[in-house]
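See below for the structure under consideration.
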Amino acid sequence: MGTMGSIAIRSVFIFAAACAFSPLAASRPAHAHALAGSQVDGASAVVLEFAYSSGETPAYAAIEVYGPDDARVEFQNGRTDRRGRFAFVPDKPGLWRAVVADNMGHRAETSVNVVLSGTGMAQGAVDVSRQTAPMALKAILGASLLLNAGALLSWIKGRGKRRAMENGR
């Protein structure tokens, strides 16, 4: 091999080494980070509890909490615990809204008025307004469904008799 060949090989080697080590030279030192948890003393949590009219609890139902400033953007979301409870810590006074929904079509909404007390946030009156139809309305709708189904069957049966009479003439 001549001098030109060894210079070319040496140049390729230097170029490859420069390409391989240049990211290391330009990079900043990496700092590790960790996630830690701690108990917050003195925090005024609002604890909400939900239940069906039968007394059963909506275990692990989805819940969204909206603050007093923005009714569209969630302040917090999550799931109720196995007893149908959910807790959150408001960061300002005002009317807070929580919406809970299970996977069976049930939905409930509650409002909590949080006021500023001398020691921090304090929970005010809870107004639970269920977004489900009252029992009387459900009964009326059920009866209406049954009557309409009966009327439809009667009409179909009568239509068949009319056709049979027309064909029998």
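Given the structure, is ASP69 of a type in the set (D, E, K, R), at pLDDT below 85 and farther than 30 Å from MET104 by Cα? For ASP69, the condition - of a type in the set (D, E, K, R), at pLDDT below 85 and farther than 30 Å from MET104 by Cα - is not met. On the stretch given as the range 35-70, residues that are out of contact with any Ser or Thr (no Cβ under 6 Å at 6 or more places or on another chain), small (Gly, Ala, Ser), surrounded by 10 or more Cβ atoms within 10 Å (Cβ to Cβ) and in a loop (DSSP other than H, G, I, E, B) total 5.
Condition check ((1) surrounded by 10 or more Cβ atoms within 10 Å (Cβ to Cβ); (2) of a type in the set (Asp, Glu); (3) modelled with pLDDT under 80; (4) not in a helix (DSSP H, G or I)) across all residues:
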residue: VAL128; (1), (2), (3), (4): yes, no, yes, yes
residue: THR132; (1), (2), (3), (4): yes, no, yes, yes
residue: ALA139; (1), (2), (3), (4): yes, no, yes, no
residue: ALA143; (1), (2), (3), (4): yes, no, no, no
residue: LEU147; (1), (2), (3), (4): yes, no, no, no
residue: GLY150; (1), (2), (3), (4): yes, no, no, no
residue: SER154; (1), (2), (3), (4): yes, no, no, no
residue: ASN167; (1), (2), (3), (4): no, no, yes, no
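Any residue in the range 95-115 that is acidic (Asp, Glu) and modelled with pLDDT of 90 or more? The answer is yes, given that some residue of the range 95-115 is acidic (Asp, Glu) and modelled with pLDDT of 90 or more.
The values are calculated or read from the model by the stated rules, or taken from the named source; none is laboratory data. Nothing here was measured: the structure is a model prediction, and the numbers come from that model. All Cβ positions, glycine included, derive from the backbone under ideal geometry; neighbour counts span all protein chains shown.
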